1. So which strands (runs of 3 or more DSSP E) are wholly in segment 92-165 and hold at least 1 residues that are open to solvent by less than 90 Å² (accessible area, probe 1.4 Å) and in contact with a Gly (Cβ under 8 Å, 6 or more places away or on another chain)?
2. Out of the residues in segment 63-87 that are out of contact with any strand residue (DSSP E or B) (no Cβ under 6 Å at 6 or more places or on another chain) and under 16 Å from residue 144 (Cβ atoms), state the one that is surrounded by the fewest Cβ atoms within 10 Å (Cβ to Cβ).
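The values are calculated or read from the model by the stated rules, or taken from the named source; none is laboratory data. Since the structure is predicted, the reported quantities are computational estimates derived from the model, not experimental observations. Note that each Cβ is placed from the backbone with ideal geometry, even for glycine, and that neighbours are counted across all protein chains shown. With ligands, DNA and RNA removed, areas are computed over all heavy atoms of the protein, side chains included. Shrake-Rupley method; radii C 1.70, N 1.55, O 1.52, S 1.80 Å.
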Amino acid sequence: MFSKQARKSLNAPGHLLAISSRRRFGSLFGVLWGAVLLSLAGCGGSTATVEPPVIEDYAPTGEVAFDFVIDDETTLSYVVDNVAAGATLEDLMRNLSAPKMEIGGEGTTAFVNSIEGVATNATRGWTYTVDGEFATKGIGTMELNPPTKIVWKYTTFEEATAEKE
């Protein structure tokens, strides 16, 4: 009944389909084989050993305790854990969620304008001690070395320095 007869290709000489299969796929096979070899060469990985980090490479951390002496009857106390050695007092205070503070400037010019609504004025201001010693640096340059105790007092400069003696 019906039979299918094979047809000869009518493609022009040099056409992709007219080129023999061996020539046609030989160069493609070479490119693919080269890609496989390159990818396998990269999969070997390094045999160099990787040393785990030594704990001494990290800055030690500790606790910083704060007392904010608002007046003779009100002292607010806070503790901050995991403070890195070398952190500045300014950085730490700017990240405290309480008490409410206003800090002006930054770095060497950082200055505490107010704490809990008690603002610095012409005669009184906020002074602080670090581990019982009157601070002679601004908060932006005071580097901490935990464990540390910071006490803030609203006072005159004369009162603050007299407590040192």
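1. 111-115, 148-155
2. 85
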